[in-house]
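Enquirer: Questions regarding the structure given below will be posed in turn.
Here, each number is a calculation from the coordinates, and none is a lab measurement. Owing to the predicted nature of the structure, the values given are computational and were not obtained by experimental measurement. Cβ coordinates were reconstructed from backbone atoms using ideal geometry, including for glycine residues, and neighbour counts include every protein chain displayed.
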Amino acid sequence: MGSINYLAVVAAAASTFVIGGLWYCPLLFQQAWMKANRFTEADVRTGNQAVIFGLAFVFAVIMAFNLAMFLNAPDTTTTWGATAGLLSAVWVVLGMGTVALFERRPFAYTAINGGYWVVAFVVMGAILGAWR
């Protein structure tokens, strides 16, 4: 664990917020995401935003740290980090897809959210691979 760059872990975690802010913005997938979840504008404004974003960041740090542990080898590169991120995302997307099937969610639900996680994990892996 001594060779893990903790600043890279925090940066990788923070990248999920940048990507999420873009991914779920009105210019990209916000409306399709709301439709797939059967959300209204009022629904999106409910909940304790500090708790939601705070826990999401804690979760992102844990995911980034876990990925950093897998990439904790001296020969890790940006390319291998991004590839490992992609391979990790496969588990996430298939797990989400399985839950979505049983919850009778539309395919768009898995495609939008799963696509976000693919991009997020590839970027996290690239950051962790590059910033050693």
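Enquirer: With everything on Cα atoms, drop me the angle between helix 49-70 and the longest principal axis of the chain, reported from 0 to 90° to the nearest 10.
Expert: That works out to roughly 40 degrees.
Enquirer: I've got another one for you. At a threshold of 8 angstrom on Cα-Cα distance, excluding pairs fewer than six apart, so keeping six or more, what relative contact order does the chain reach in percent?
Expert: 43
Enquirer: Next up: Could you tell me how many degrees, from 0 to 90 and to the nearest 10, lie between the Cα long axis of helix 6-23 and the main elongation axis, the longest principal axis, of the Cα atoms of the chain?
Expert: It works out to around 30 degrees.
Enquirer: Continuing with this model, one more query. Working from Cα positions, state the angle (0 to 90°, nearest 10) between the long axis of helix 107-130 and the longest principal axis of the chain.
Expert: Long axis of 107-130 versus the principal axis of the chain: about 20 degrees.
Enquirer: Say each of residue 35 and residue 75 gets a label point 7 Å from the Cα, pointing the same way as Cα to Cβ; how far apart are those two points in nm?
Expert: Calculated label separation equals 4.8 nm.
Enquirer: A further question on this structure: Which one, 60, 99, 79, is farthest towards the positive end of the dipole of segment 6-130 when Lys and Arg carry +1 and Asp and Glu -1 on their Cβ?
Expert: Comparing the listed Cα positions along the dipole, 99 ranks first.
Enquirer: Pick out, in residue order, every one of the trypsin sites (Lys or Arg not before Pro) in segment 1-98 that is DSSP loop and has at most 14 other C-beta atoms within 10 Å; say none if there are none.
Expert: In loop regions of segment 1-98 (DSSP not H, G, I, E or B), the sparsely surrounded trypsin sites (Lys or Arg not before Pro) are 38.
Enquirer: Within segment 19-58, find all residues whose amide N lies under 17 Å from a label point positioned 7 Å from the Cα of residue 11 along Cα-to-beta-carbon.
Expert: Only 19 pass the distance filter.
Enquirer: Turning to a different aspect of this structure: Given just the C-alpha atoms of the chain, how large is their convex hull per residue in cubic angstrom? Walk me through the numbers before you get to the answer.
Expert: Values: hull volume 14.0 nm³, N = 132.
Normalising the Cα hull of the chain by residue number yields 106 Å³.
Enquirer: For the pair residue 50/residue 98, report the inter-label distance in nm, with labels modelled 7 Å from Cα in the Cβ direction.
Expert: Computed distance between label sites residue 50 and residue 98 equals 3.7 nm.
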